[in-house]
Amino acid sequence: MKFDICIVGSGAGGSPIAYELSNAGYKVIVLEKGSNYKEEDFSKDEIAVSRRSLFTPLLKDEQHVINDREKDGSVTRYVGSEYNWNFWNGSMVGGSSNLMSGYFHRMKPNDFRLRSKFGEIDGANVVDWPISYEDLEPYYTKVEEIIGVSGDAKKHKFLEPRSTKNFPYPMLEVNGATKWFDHTCRRLGYESIPTPRAVLPHNALGRNGCSYSNFCGSYGCATGAKGSARAALLQKCSAKIVTDAFVYKLDSNKSKITKAHYYDKNLKSHTVEAKIFVVAAQAIETSRLLLNSKNVYFPKGLANNSGEVGKNLIFSAGGSGTGRIRFESLTAEQRKELMEPGLFFNRSLQDWYEYEHREKKYKGGTIDFLFEHANIISRASREMYGDNGHLLWGRELQEKIHKNLTTSRVLTFEVFNDWLPTDYCNVTIDDKVKDKYGVKVGAINLYSHPRDIEVGEYLAKKAKIVLQMMGAEDISVNISASPPPNLVAGGCRFGINPKTSVLDLNCKAHELNNLYVTDASFMPTGGSVPYTWTIYANSFRVADAILGSLEG
């Protein structure tokens, strides 16, 4: 099969390329390892989705090896299938964008110049981006319009510059308890921000509006309101999408990729030829593919004569916390507001996106506040122990579950701050473990810089103060070095210098004329926000660069 563009992966990194290039008249093929689910295929089956990992591979078939580095330098090896630990997100058309909660924040101008603004950090490979916020801003706006982002661009200290006054779609409906949060923040001198969401509040863009089921994270959207790559882009373009297509190798000569090899679900091998190849398989898998595609011209892996492929893997640092708001401290009207079903909480704080502490300037982050997930099994499971720590059974357990589900509500916060890139956090190839295709699996070498925890704990203390002032009880906080598998980037960072980066400023490989990488792999640092909006925006930017090269 011969095409103008061959794209590996159909998520937020690959789909804008498919959308723009195919709609411009070019022949585009997308190779996706997973299946193609439609709105009618998505249900709120917690057992299937959250307990049995419906949308990710079975670990006996496909897995990762995780090498966890401790502070003392010792490393513990975990084979994913043995320890039920993996970094799969969503193997399906549209990728993990189907399963995101859709909390969309732009990166800030200083996120693009972290080293220049905050200086070097001992033990961290912090660099400035080769592009600026101003370069990406038009594409953030494009995402708002095409993917569909709702919100209210309320002015605050760290609001990033915008070319439009507000979001194209109004805020989603919110629970009455957000009024208490806003009031508490005013008392504390904090600036409460409506959280932007990649969710349509009403029918638009050929999709239905939100049904307020409150099942966003980990679940596909049955209305199409969520701005997944599948619903927003792939269903509106003419690209050829091949499912159950696991790309295991790319062939190249000295200067170009010549073929992509993939296995179908019957383990039969196929090849695709194209003028341009775009890899957007998810940060870990993209590095794995390039490293596994080594040849005589690239003995260390494709585009890897610099040795930089797989290096500087990053996640999102931070963690989460919870507090329970009980009826006892509320009026009848407040009780009614708190228990309004389905409506979102949708509040954020960015007061400490940058802050000073002990006469030192720090890059801080974002705190999103939301209600606990609607999953009933997990909500009931938190009630299994009594006040003295003993396991509850029978009527005592029944009564506790009923009381807490009907006369209280758990408010959650999530902290997002920079996971600093280091020499010890990267992707390599494991020499011992192979997947069902007979291909060596990716080895994820984990390490968290001490600064990550320091900043995360600082932000969590601020969030805890808000919960306390709101009257929440049973407050708990978990800030740790455990990396979230749905927030991963790096491995093929872009930059000006071919010796220290894999990609140029347009995300084309320095060493190959027709290879682009457009998932989160390109990011040298991640900012202090979820990555999806930036991945979308950058992919639209690269699509323009590819169009320019083809037309030129």
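None of the figures in this text is laboratory data; all of them are computed from the coordinates on show. On a predicted model such as this, the values are computed, not experimentally measured, just so you know. No Cβ is skipped: glycine too gets one built from the backbone with ideal geometry, and neighbour counts run over all protein chains shown.
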Applying 1/(1 + (r/R0)^6) with R0 = 45 Å to the Cβ-Cβ distance of GLU359 and ASP387, what FRET efficiency is obtained, to the nearest 0.05? 0.55
Expected output is a single nm value to one decimal: the length gained when fully extending between GLU551 and MET469, i.e. 0.36 nm times separation in residues minus the C-alpha distance. What is it? 23.6 nm
Give me the one-decimal nm value for the distance between modelled label points at LYS165 and SER238, 7 Å along each residue's Cα-to-Cβ direction. 3.9
Reach of LYS403 by Cα under 27 Å, taken over lysines that are not fewer than 8 positions away in the same chain: LYS44, LYS179, LYS336, LYS464
Bridge type composition, the chain - antiparallel percent by DSSP, nearest 5: 70
Using a 7 Å offset from the Cα along the Cα-to-Cβ direction at both GLU399 and ALA24, what is the distance between the two label points in nm, to one decimal? 6.8
Going 7 Å from the Cα of GLU328 in the Cα-to-Cβ direction, what parts of region 457-474 have a backbone nitrogen less than 11 Å from that spot? 473-474
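In a shell of Cβ-Cβ distance under 14 Å around GLY34, excluding GLY34 itself, what net charge do Lys and Arg (+1) and Asp and Glu (-1) give? Don't skip to the end; give the middle numbers.
On the way: positive: LYS33, LYS38, ARG230, LYS265; negative: GLU32, ASP41, ASP61, GLU62, ASP244, ASP264, GLU285.
Net of charged neighbours comes to -3.
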How would you rank 515-521, 285-291, 322-328, highest first, on the average number of other Cβ atoms within 10 Å across their residues? 515-521, 285-291, 322-328
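My understanding is that a pair violates if its Cα-Cα distance is over 24 Å; which of LYS268/LYS434; LYS27/LYS434; LYS432/LYS508; LYS71/LYS436 do that in this structure?
Values: LYS268/LYS434 17 Å; LYS27/LYS434 34 Å; LYS432/LYS508 32 Å; LYS71/LYS436 34 Å.
Exceeds cut-off: LYS27/LYS434; LYS432/LYS508; LYS71/LYS436.
Measure up LYS254/LYS440; LYS363/LYS462; LYS38/LYS259; LYS240/LYS265 against 26 Å on the Cα-Cα distance and list the ones that go over.
Values: LYS254/LYS440 24 Å; LYS363/LYS462 15 Å; LYS38/LYS259 30 Å; LYS240/LYS265 18 Å.
Exceeds cut-off: LYS38/LYS259.
Report the gain in length on full extension from ALA48 to GLU134: 0.36 nm times residue separation, minus Cα-Cα distance, nm rounded to one decimal. All intermediate terms of the calculation are to be shown ahead of the outcome.
Numbers: separation 86, 0.36 × 86 = 30.96 nm, distance 4.29 nm.
Roughly 26.7 nm would be gained on extension.
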If each K or R counts +1 and each D or E counts -1, the residues other than CYS221 whose Cβ falls under 13 Å of its Cβ total +3
Within straight cross-link reach of LYS256, meaning Cα distance under 16 Å, which aspartates and glutamates are found once same-chain residues fewer than 8 apart are removed? ASP4, GLU273, ASP504, GLU511
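On a full-extension model of 0.36 nm per residue, what is the gain between ILE377 and TYR437, subtracting their alpha-carbon distance, rounded to one decimal in nm? Kindly include the intermediate steps, with their values, before the conclusion.
Working: separation 60, 0.36 × 60 = 21.60 nm, distance 3.49 nm.
Extending this stretch completely gives an extra 18.1 nm.
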